[in-house]
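The values are calculated or read from the model by the stated rules, or taken from the named source; none is laboratory data. Every value quoted in this text rests on a predicted model; they were computed, and no experiment measured them. Here the Cβ positions follow ideal geometry from the backbone for every residue, glycine too, while neighbour counts run over all protein chains shown.
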Amino acid sequence: MPAPHATHRRQIESILAAWGMPPDKAATTSEIMADADLRAIDSHGISMLTVYEEWWKEGRIRLDAEPRIVRETPVTALVDAQGGLGYVPSVFGMDLAISKAQQSGVGAVAVFNSAHHGAMQWYVRMAAARGVIGISTTTTSNRCAPPTFGIQSKLGTDPWAFAAPTGDDEPFVLDMATTTVAQGRVRNKLNEGVPTPPGWVLDGQGNPSTDPACGVSGGSGFMAHLGGTPEGASHKGYGLGAMVNILAAGLSGAMISAHPEKDRRPGTMDVGHFFMAIAPDPFRPREEFQAVVKAFCDDLRVTTPADPSRPVLVPGDPERIAAERRGREGIPVGPGLAAKIKAIAERAGVPFLLG
């Protein structure tokens, strides 16, 4: 039975609080995680608790860490997340970038010593909601994807996100892994015991596979970069993933994914994030810019569809449509995942609210 969004969020928050996360940080983190599930980004919502519990028990993430600015100019900043889970330092970093953009036209913030921070669409939507363009990239905590033609993991899913305001509640929002899909989507397939579609994962020899066990952490194969295979132009996803590492780790000083594990800061995930905000005002009046973006999006939406039952959408539309539907009907959780969340709740000593 799908649970209401508020109940879903309360379940996440109660578990984080039971682990020792301070109330303000648990509220922020659960809000972002539940929003991912509300928007049908199921790879980055409550399912991440199955991973976070392991990291927390191993002492790999600090739940009470407070982000700290270590270097700053009028348009840039370097932030130390101090080993915390990535949600709070990412909100801090993007908010700082937005404020700088509103003052100076552009703001760029790099964050190091962080960890996984959920679906990046949240952070770029923060920018769009305040009338500026938002750009974000992040490295990941594990290597799971080989360079094109390789059979050794050197990169992660290394996602990008971009949002532009339209003057209404329908901004352009692109949030994408540089692998074919986010690793969480493969994990969800494994949780439910179903195969992955072709192009998502590779076996240990670099051949296409549909076995989700190939793509999860510690699995028998790899995540496939965008394109799936060399013949499908996987070099494009590989190149984008490398660019992410240069921005999010090269600038911040976090661990580059391809470097040896010994380079990781002891006791941390050593993930790096990069946030940029660009104000349209130095280029043209904000209202004109937003009107152009809105008109552009509307022009794309009225494209004649190949299948009348599947209208053309703009990045951000599927998630917004899903949020409207799940806001009415509740957020579904598959039986395999629900059983895992129930066990996590029991171990944390909090009620299971999703049954």
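Quick one: in segment 290-337, of everything that is assigned to a helix (DSSP H, G or I) and among the β-branched types (Val, Ile, Thr), which residue is farthest from Asp175 (Cα to Cα)? In this case the residue turns out to be Val292.
This table checks each residue for (1) surrounded by 24 or more Cβ atoms within 10 Å (Cβ to Cβ); (2) among the small types (Gly, Ala, Ser); (3) touching a residue at least 24 places away in the same chain (Cβ under 8 Å); (4) in contact with a Leu (Cβ under 6 Å, 6 or more places away or on another chain).
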| residue | (1), (2), (3), (4) |
| --- | --- |
| Gly156 | yes, yes, yes, no |
| Thr166 | no, no, yes, no |
| Leu174 | no, no, yes, no |
| Val194 | no, no, no, no |
| Asp203 | no, no, no, no |
| Gly215 | yes, yes, yes, no |
| Phe222 | yes, no, yes, yes |
| Gly250 | no, yes, no, no |
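Applying the criterion of being hydrophobic (A, V, I, L, M, F, W, C) and in contact with a strand residue (DSSP E or B) (Cβ under 8 Å, 6 or more places away or on another chain) to the residues of segment 329-345, the residue that is modelled with the highest pLDDT is Ile331. Out of curiosity, is Ser99 buried (at least 18 other Cβ atoms within 10 Å of the Cβ) and among the small types (Gly, Ala, Ser)? Spelling it out, it is not the case that Ser99 is buried (at least 18 other Cβ atoms within 10 Å of the Cβ) and among the small types (Gly, Ala, Ser).
Screening Ala258, Ala213 for residues that are in a helix (DSSP H, G or I), modelled with pLDDT under 95 and farther than 27 Å from Met126 by Cβ leaves exactly one candidate, Ala213. Leu174 meets each of the listed conditions (1) of a type in the set (A, V, I, L, M, F, W, C); (2) modelled with pLDDT of 95 or more; (3) farther than 30 Å from Thr76 by Cβ apart from (3).
Out of the residues in segment 75-96 meeting the condition of being of a type in the set (Val, Ile, Thr) and surrounded by fewer than 24 Cβ atoms within 10 Å (Cβ to Cβ), tell me which one is farthest from the chain's Cα centre (by Cα). The qualifying residue farthest from the chain's Cα centre (by Cα) is Val75. Is at least one residue of segment 265-274 in contact with a Leu (Cβ under 8 Å, 6 or more places away or on another chain), in a loop (DSSP other than H, G, I, E, B) and surrounded by 12 or more Cβ atoms within 10 Å (Cβ to Cβ)? Scanning segment 265-274, I find no residue that is in contact with a Leu (Cβ under 8 Å, 6 or more places away or on another chain), in a loop (DSSP other than H, G, I, E, B) and surrounded by 12 or more Cβ atoms within 10 Å (Cβ to Cβ), so the answer is no. Which residue, of Val88, Val79, Val51, is part of a strand (DSSP E or B) and aliphatic (A, V, I, L, M)? Going through Val88, Val79, Val51 in turn, the sole match is Val79. Kindly indicate whether any position in segment 57-69 is under 20 Å from the mean Cα position of the chain (by Cα), assigned to a loop (DSSP other than H, G, I, E, B), within 24 Å of Asn188 (Cα to Cα) and β-branched (Val, Ile, Thr). Yes, segment 57-69 contains a residue that is under 20 Å from the mean Cα position of the chain (by Cα), assigned to a loop (DSSP other than H, G, I, E, B), within 24 Å of Asn188 (Cα to Cα) and β-branched (Val, Ile, Thr). Looking at segment 165-194, which of its residues are of a type in the set (D, E, K, R), under 13 Å from Glu319 (Cα atoms) and part of a loop (DSSP other than H, G, I, E, B)? Across segment 165-194, the qualifying residues are Asp169, Glu170. Inside segment 1-17, residues that are in contact with a helix residue (DSSP H, G or I) (Cβ under 7 Å, 6 or more places away or on another chain) and over 12 Å from Ile331 (Cβ atoms) make up a count of 4.
Flag not set for Ser90, criterion: within 23 Å of Val271 (Cα to Cα), of a type in the set (Ser, Thr, Tyr), in contact with a Lys or Arg (Cβ under 7 Å, 6 or more places away or on another chain) and modelled with pLDDT of 95 or more. For the structure I just gave you, tell me whether Pro280 is in contact with a Pro (Cβ under 9 Å, 6 or more places away or on another chain) and modelled with pLDDT of 95 or more. The answer is yes for Pro280. Residues considered: Gly227, Gly241. Of these, the only one that is of a type outside the set (Phe, Trp, Tyr), touching a residue at least 40 places away in the same chain (Cβ under 8 Å), in contact with a His (Cβ under 9 Å, 6 or more places away or on another chain) and assigned to a helix (DSSP H, G or I) is Gly241. Take the residues of segment 322-355 that are within 21 Å of the chain's Cα centre (by Cα), surrounded by 13 or more Cβ atoms within 10 Å (Cβ to Cβ) and not small (Gly, Ala, Ser): which is nearest to Ala6 (Cα to Cα)? Residue satisfying both the conditions and the ranking: Ile331.
Within segment 14-29, track down each residue that is crowded, with 24+ Cβ neighbours inside 10 Å and under 23 Å from Pro2 (Cβ atoms). Within segment 14-29, Ile15, Leu16, Thr29 qualify. Selection within segment 262-297: residues that are of a type in the set (Asp, Glu) and within 26 Å of the chain's Cα centre (by Cα). The member of this set that is nearest to Thr139 (Cα to Cα) is Asp270.
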